[in-house]
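Single-structure report; data block below.
Rule-based calculations on the coordinates, nothing more; no lab input. Just so we're clear, the structure is a prediction, and the values are computed from it rather than from any experiment. Every residue, glycine among them, receives a Cβ derived from its backbone with ideal geometry; neighbour counts consider all protein chains shown.
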Amino acid sequence: MPRFRVLTAGLGLLALAPAADAQASSARWTCEASALRLTLLGTTLEPAVANVGPAPLTCRPDAVRVADTSPLPILLTASAVTAATAVQGPETGPVAAQQVLATGGIGALRLGLPAGDGTVPTELLTAETLSSAVAGGCADGAPRLTGASRVGGLRVLGRNVTTGGAGAAPLDLAVPGTGLRLRVARGEQVRTGGRLVQRALHAELTLGGREVLDLVAGEAAAGADAVACPGREPAQATDPRLLVTSITTRRSRVTIRGRVVGPLAPRAADRRITVSRRVRGGRWVAAGHGLPRRGGRFAITVPAPHGARATVLRLRAKVRATARSRKVVTTSTLPRTVDLRP
């Protein structure tokens, strides 16, 4: 797996309209993702972001994988640094028929401080995997936002730390021989005004109560702005571990591209992704299968039903429950309507 080394330098007016029309035109889902954000003494590095602006942006497909970063004084080594956002459902249709997804993560992370001679770093924390995902969509007649984080192989100041989860108490530890304090939160969730932010890891380094360093790894966010959901919506919520980034049709064939949020299942048979098609009577039949690549990305092509103008597809797969467990759990997408007209 390629590794990417990050070392830090000290581095108007609106036209008037009827209230109902204004509310409809302003209805939107927002989403954004950041793989890594490091703030050192007021200077911020954020090498991989998706759909990020000064304020939350309307959700749209975006994906970034960091290629390189500049050397910086505080040692931070990371791999597989990615951020992505996606929209499922009609791009120009009703906002309430859309589902949005945001994912941010790092394959592995190591953060340290230079030692006295500036060569051998003092380890602050390491992790084998850090990722978060947030999904948004209508369910039970209201906007629903769900978030999840994956934290695997975490060590803080040389000690193994349990994964924890949303609401887990942060660690607050003294860094030996430095006068510094290190605070580490896992699976952090922040909900404000119809918006959910999910962070796999949030570390803060302070000296005498003053911030020296702030690190966020694996951040995803989504929100609902004035989204009015119909009263009869499926109760099933999007699972953020199976992300569809695009669906294309050509010559009676449908190609689905996306990514499975790891850790992947250890056996190839369990990693297989099944694409199902809904048929008359509400039954689901298998339309095709495919395997994700090592990083979780996949592209699966299935035949379109003969003579149909549209079809409804759903994907299912299995993933490992945690990075340290071999137990597998099933993950799936919401049903998605695909227009087959030329």
Inset, instruction - Run the dipole for segment 23-225 about the Cα centre, Lys and Arg Cβ at +1, Asp and Glu Cβ at -1, nothing else charged, and hand back the magnitude in debye, nearest 20. - result: 300
Legend entry - Using θ = phi - 60° and Karplus 6.51 cos²θ - 1.76 cosθ + 1.60, couplings along segment 78-87 (whole Hz; Gly, Pro as x): 9, 9, 6, 8, 9, 9, 8, 9, 7, 10
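Provide the convex hull volume over Cα atoms per residue for segment 23-225, in Å³. Walk me through the numbers before you get to the answer.
Details: hull volume 25.9 nm³, N = 203.
Residue-normalised Cα hull volume stands at 128 Å³.
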Legend entry - Scattering profile of segment 248-342 at q = 0.22 Å⁻¹ [log10 I(q)/I(0), Debye over alpha-carbon scatterers]: -1.07
Inset, instruction - Using the Karplus curve 6.51 cos²θ - 1.76 cosθ + 1.60 with θ = phi - 60°, work out ³J(HN,Hα) for each residue of segment 96-103 in order, rounded to whole Hz, and write x for Gly and Pro. - result: 5, 8, 8, 10, 10, 9, 9, 9
Inset, instruction - Please name which of ALA148, ALA217, LEU113 has its Cα lying farthest along the dipole of segment 23-225 towards the positive end, using unit charges on Cβ (Lys, Arg +1; Asp, Glu -1) and the Cα centre as origin. - result: ALA148
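For segment 139-219, what does the alpha-carbon gyration tensor say about shape, rounded, prolate or oblate, given a ≥ b ≥ c as the root eigenvalues, a/c under 1.5 as rounded, and a/b over b/c as prolate?
On the way: a/c = 3.45, a/b = 1.95, b/c = 1.77.
Verdict is prolate for segment 139-219.
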